[in-house]
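Encoded as structure tokens, the structure appears first; notes follow it.
The values are calculated or read from the model by the stated rules, or taken from the named source; none is laboratory data. Since the model is a prediction, treat every value here as computed from it, not as a measurement. Note that we place each Cβ from the backbone using ideal geometry, even for glycine, and neighbour counts take in every protein chain shown. Side chains included, ligands, DNA and RNA excluded: accessible areas come from the protein's heavy atoms. Shrake-Rupley method; radii C 1.70, N 1.55, O 1.52, S 1.80 Å.
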Amino acid sequence: MAAGTSSYSSIFSLKNSRPPDDTVFYSIYPDSCLSSSSAEDLHSLHLQILNYVQPLTAPYIWQHQPFSLSITPAPVPHLSGHLCFGDNLEDEWFVVHILFEISKRFPNLSIRVWDSDGEFLLIECAFHLPKWLNPETSTNRVFLRSGRLHILPPSIFQETPNLEDALRLLASQDGKDSSTSAPDAVQLHLNKKIGEYPERAYGNVHKVRVLVPVSVAWLLRHEPCLISLSVEGFYDRDIDSMKYAARMERLLPRGKQEEMVEVVVRMSRTMYAQLVQQKFQAPACYPMPERSNVAKYLEAELGMKIACGFEMMYQMRKKQGAEGKGSTWEAFRDSLERSGYFKGLLPGSNKYKTLLEKAEGYYQNSSLYSRASEVLSEPVKRIDEILALPHSADDFKSLELPPSDDDSWLYGGEDELNAALQERQKEMDFFNSKLKKKHKSKEQEEQGLASDQDVDEYDLGGIAKSMQSFIEKMSSYKGAELLLGLPDDRNLKDVDLDVDQFMKDMESVMGLRGSDKNDSDIDLEEGSSSDLDFDDDYEEGSEHADDIDEDGENEFMHSYSDALNKELKATTLDKTFVHANEETSKKKDEGTSNVDDEMEELTPVDVDFNLVKNFLESYSSQEGLSGPASNLLGLMGLRLPDDVGKGK
């Protein structure tokens, strides 16, 4: 039994790694949490913050739940909370405004706020953040303190800091000029967003006249915030909950005989949109006016949706509270599914039901069951308490009601959306312009030139020198292997090669062949059986071998040069190069060469000049795009001005 309990406990503790998409989380760390402070200090701070926040939140209608705080003992004693904002993003930013105000009022606090996107405050001012900051490097680095955003830089913490070290640093570096304070551009952009609150939050509240049963009017008079539960019950309705709306047993006990009154209801704009834009047929027991009076009918229709939402929420919470289920039970059952508790059995099968009953039995004996039951039943108890008080339709008669707010925002939000998009586009354009200027400035620094610098001032001779260095560097065996992509860790056998002996042997072969030009008909059978089989007369160090090496090499090179000149003279290749002395290339040789009289000797080619000339022509033809010339220059560590080669 103990083993089973331990297994259930481990399953029950499973949590989703990703927080809900519609929830904002926040933690408040007092400086005293790093010392052995008493629990009474934390309780006192808790009450002080709630009292300070109450006037800020009183005029506001939250989408699902109000701002709240609770004492959390780990990892250090602090205050924490979370708020589900659902479809109403204004709730999240209003929470951020409240946390900023708390940090101003209590300067000895460090505050964290995040959601499923992580540090969403950084996302808001992404164009102004330092380059090193990203989701991977922001852990335990972003805090609110004294009304400012603080970012712990890598100059202080190269690695991700732990929470206690981060809090200790923040406690020791207060003030606007703190080394942890975010850049002014970040502060200004964030303050621009937060500065719209609380006025923007209060402006998000929509007031509308509705015709509702007396019981609903009585509830909203005592607890206006209950409207959020009513809208939630209506908007998230399903087949089971709609059965309760069909009967309206709690809020419309007398059916069509129930008195109806007109009241003004305050709700968020999101709630209003969720009610208005959903079609819902009134239950048969619900009293509705004639359609001829359009204004009155619309008020009654909206009131009917609110009343049905209250009924569905009340009955479902009552049932879930008795069972102690709800979202907590759903999370527990999902954890069982993920852990393989049901062994892949089909829901509804006998074995599945048996395992489910065991899980429910364990859940009902856990502490979370009683806590979930209490949370679910709390609205039900509060509604019962309010409706138990004496009330009648006379309590709402002869009241002057203000008109409903204009709801044109519901149908004409295109201008606001376009304005927001244009504002974001301006930020992107400004960021891109700064980035281009920065890149251009960096390029000019690397070139050491201004943008209007003349090409002639550029050291073009450096290209030839860099090319020679590049070839010498890249033509080693390691460079060749790198270009071929051979693996570095392969096993190579050592090669024993005497380079000097190899070159002398090659020269000897050339010499032998070159010295006997007329003996082309030598019988191979009378010669050596192999090109590398030499007679003893040509052994290394012999006088005869040295003579043949020297005379044979000279004769071979002269013959080779004459033959090459003859071949090239018959082509136009000579005209494609610039020679060391263009004048000599136009004159005929006057007998100083061993070449035939009818041939012109080719003058030497200026290799460096031709190299630079061809590089410039190739670079210019790329027209600023990537190509062979720019890529090769990049490998050599060179960069030419953009106007190189133009007009040349």
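Could you tell me whether segment 289-311 includes any residue that is farther than 27 Å from Pro66 by Cα, basic (Lys, Arg) and in a loop (DSSP other than H, G, I, E, B)? Within segment 289-311 (the criterion being farther than 27 Å from Pro66 by Cα, basic (Lys, Arg) and in a loop (DSSP other than H, G, I, E, B)), the answer is yes, since at least one residue qualifies. Filtering segment 286-298 to residues that are more than 46 Å from the chain's Cα centre (by Cα) and open to solvent by 30 Å² or more (accessible area, probe 1.4 Å) leaves Met288, Pro289, Glu290, Arg291, Ser292, Asn293, Val294, Ala295, Lys296, Tyr297. Being open to solvent by 60 Å² or more (accessible area, probe 1.4 Å), modelled with pLDDT under 75 and out of contact with any helix residue (DSSP H, G or I) (no Cβ under 9 Å at 6 or more places or on another chain) is the filter here, so list the residues in segment 391-417 that pass it. The answer is Glu414, Asp415, Leu417.
Taken together, the criteria exclude Arg266 from residues that are part of a loop (DSSP other than H, G, I, E, B) and open to solvent by 20 Å² or more (accessible area, probe 1.4 Å). Residue under question is Glu443, and the condition is that it be in contact with a Phe, Trp or Tyr (Cβ under 6 Å, 6 or more places away or on another chain), surrounded by 11 or more Cβ atoms within 10 Å (Cβ to Cβ) and at pLDDT below 75; does it hold? When the stated conditions are applied, Glu443 does not pass them. Looking across segment 102-126, the residues that are farther than 13 Å from Tyr26 by Cβ and either of a type in the set (Asp, Glu) or in contact with a helix residue (DSSP H, G or I) (Cβ under 8 Å, 6 or more places away or on another chain) (or both) come down to Arg105, Phe106, Asn108, Asp117, Glu124, Cys125. Give segment 231-250 a look and list any residue that's farther than 24 Å from Asn88 by Cα and either acidic (Asp, Glu) or in a helix (DSSP H, G or I) (or both), or say none. Correct list: Ile239, Asp240, Met242, Lys243, Tyr244, Ala245, Ala246, Arg247, Glu249. Among Val380, Val375, which is within 41 Å of the chain's Cα centre (by Cα), in a helix (DSSP H, G or I) and in contact (Cβ under 8 Å) with a residue 24 or more places away in the chain? Step by step, each of Val380, Val375 is checked, and only Val375 is within 41 Å of the chain's Cα centre (by Cα), in a helix (DSSP H, G or I) and in contact (Cβ under 8 Å) with a residue 24 or more places away in the chain.
Entry remark, segment 146-199: residues being among the basic types (Lys, Arg) and over 17 Å from Tyr29 (Cα atoms) number 3 in total.
Against the numbered list (1) more than 30 Å from Val208 (Cα to Cα); (2) free of Cβ contacts under 8 Å to residues at least 24 places away in the same chain; (3) in contact with a Lys or Arg (Cβ under 9 Å, 6 or more places away or on another chain), Lys353 comes up short only at (3).
Meeting the requirement of 3 or more residues that are surrounded by fewer than 20 Cβ atoms within 10 Å (Cβ to Cβ) and in contact with a Cys (Cβ under 6 Å, 6 or more places away or on another chain), no helices (runs of 4 or more DSSP H) wholly within segment 147-229 can be named.
Selection over segment 354-390 of residues that are surrounded by 12 or more Cβ atoms within 10 Å (Cβ to Cβ), over 17 Å from Gln315 (Cβ atoms) and charged (D, E, K, R) gives a count of 4. List every residue pair whose Cβ atoms lie under 9 Å apart, where the two residues are 6 or more positions apart in sequence or sit on different chains, the first residue falls within segment 153-167 and is closer than 14 Å to Ser110 by Cβ, and the second residue, located anywhere, is at pLDDT 90 or above and assigned to a helix (DSSP H, G or I). Pairs found: Pro161/Leu169; Leu167/Asp31. Selection of segment 316-353 for residues being in a loop (DSSP other than H, G, I, E, B), open to solvent by less than 30 Å² (accessible area, probe 1.4 Å) and hydrophobic (A, V, I, L, M, F, W, C) yields only Phe342.
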